[in-house]
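Q: Here it is, the structure in full.
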């Protein structure tokens, strides 16, 4: 929610079904990418853009973005 | 926040998010730079601008330990087309594509894990020297700290730190996986850059034997050879398989295959 970059990589989501301790599994290539300082026309702010764009609604922007990142267990 | 339910419930404590945002604003030097951009946007500046995330700083970060905002990133206003950025990352005002960060970029880790590194502490840098004691060792050829050593060093619990990394629960899992992929991709890019030294090896003949009978697709493009020292690579697996065969030949086939895992608690 507070990160500036987007983490790429295919994440195994079905493994955390409540049985056993949580696991974090990714496959394929992993990378971090950063977008532009301002979102494109008609797009909602993401990642680093949350710090720069539409900051009067920052809280709701942050909450609505949660789950876009890979940290969603 | 991490303890969010897996069925997609979004029950957040708004005040917590506000507090965390405020904390990051006040302390994180990367965030401060992005906030500068916000100020610029609010002033309705029409000219182009970009943010340059610096890779290497001129000063030794340990000697000059006071965290300077200007040392991690520079905001450039005006003509941004002709900037030579070498190995720094340029974040443009508006662009449709995402810029990829190299894993050896100093801000690679703090940009992703702003909660683990609330001050925007430096991640790995290529120019960290090994200790003098180690340097005196004649067997030692490498004089810089490797990325794996740095990450292992960072995870340690120590009395001068709260231990954000190990206390971050599920995020620690993500952090561990992520940093391992950092190590691996750094190894891969090293191998890619040093193909000449690797090809000199006797491995070249082995490669021919291993890949004989492959389909034509592998001949398209430049072939990058992974040496046997790369964990998980084809040669590594092949070598280990051969070793296992040799062990079986010498001592006979195993009757039991036992795997032991241990819980330190």
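Derivation of every value follows stated rules applied to the coordinates shown; laboratory data play no part. Quick caveat, the model's predicted, so the values are computed rather than measured. Neighbour counts run over all protein chains shown; Cβ positions are idealised from the backbone, glycine included.
Q: Using the C-alpha gyration tensor of the range A:6-65, what are the square roots of 5 times its eigenvalues, in whole angstrom, with the largest one first? Don't jump to the answer; show the numbers that get you there.
A: Details: eigenvalues 173, 50, 14 Å².
Semi-axes, largest first: 29, 16, 8 Å.
Q: Binning at 10 Å from 0, report for the range B:221-265 what percent of all alpha-carbon pair distances ends up in each bin.
A: Per 10 Å bin, starting at 0, the Cα pair percentages come out as 22, 29, 31, 14, 4, 0.
Q: Something else: Treat each spin label as a single point 7 Å out from the Cα along the C-beta direction, and report the residue B:247 to residue B:22 distance in nm.
A: Label at residue B:247, label at residue B:22, 5.9 nm between them.
Q: Measure off 7 Å from each Cα along the Cα-to-Cβ vector at residue B:127 and residue B:153, then give the distance between these two points in nanometres to one decimal.
A: Each label point lies 7 Å from its Cα, and together they span 1.6 nm.
Q: Right, another one. Between residue B:255 and residue B:42, what is 0.36 nm times their sequence separation minus the Cα-Cα distance? Round to one decimal in nm. Each step should come with its number before you reach the end.
A: Details: separation 213, 0.36 × 213 = 76.68 nm, distance 7.22 nm.
Full-extension gain reported as 69.5 nm.
Q: Could you work out how far apart the two model spin labels at residue B:240 and residue B:168 are, taking each label as a point 7 Å from the Cα in the direction of the beta carbon, and quote it in nm?
A: If labels sit at residue B:240 and residue B:168, their model points lie 2.9 nm apart.
Q: With an 8 Å Cα cut-off and a minimum separation of 6 or more residues, compute the relative contact order for chain A in percent. Working shown, then result.
A: Values: 90 pairs, mean separation 27.0, N = 73.
Contact order relative to length: 37 percent.
Q: What percent of all Cα-Cα pairs in the range B:14-193 falls in each 5 Å bin, counting up from 0?
A: Distribution as computed: 1, 7, 13, 17, 19, 17, 12, 7, 4, 2, 1, 0 percent.
Q: Suppose the chain between residue B:229 and residue B:193 were pulled fully straight at 0.36 nm per residue; how much longer would it get relative to their current alpha carbon spacing? List each step's numbers first, then the result.
A: Numbers: separation 36, 0.36 × 36 = 12.96 nm, distance 1.55 nm.
That pair, residue B:229 and residue B:193, stretches by 11.4 nm at full extension.
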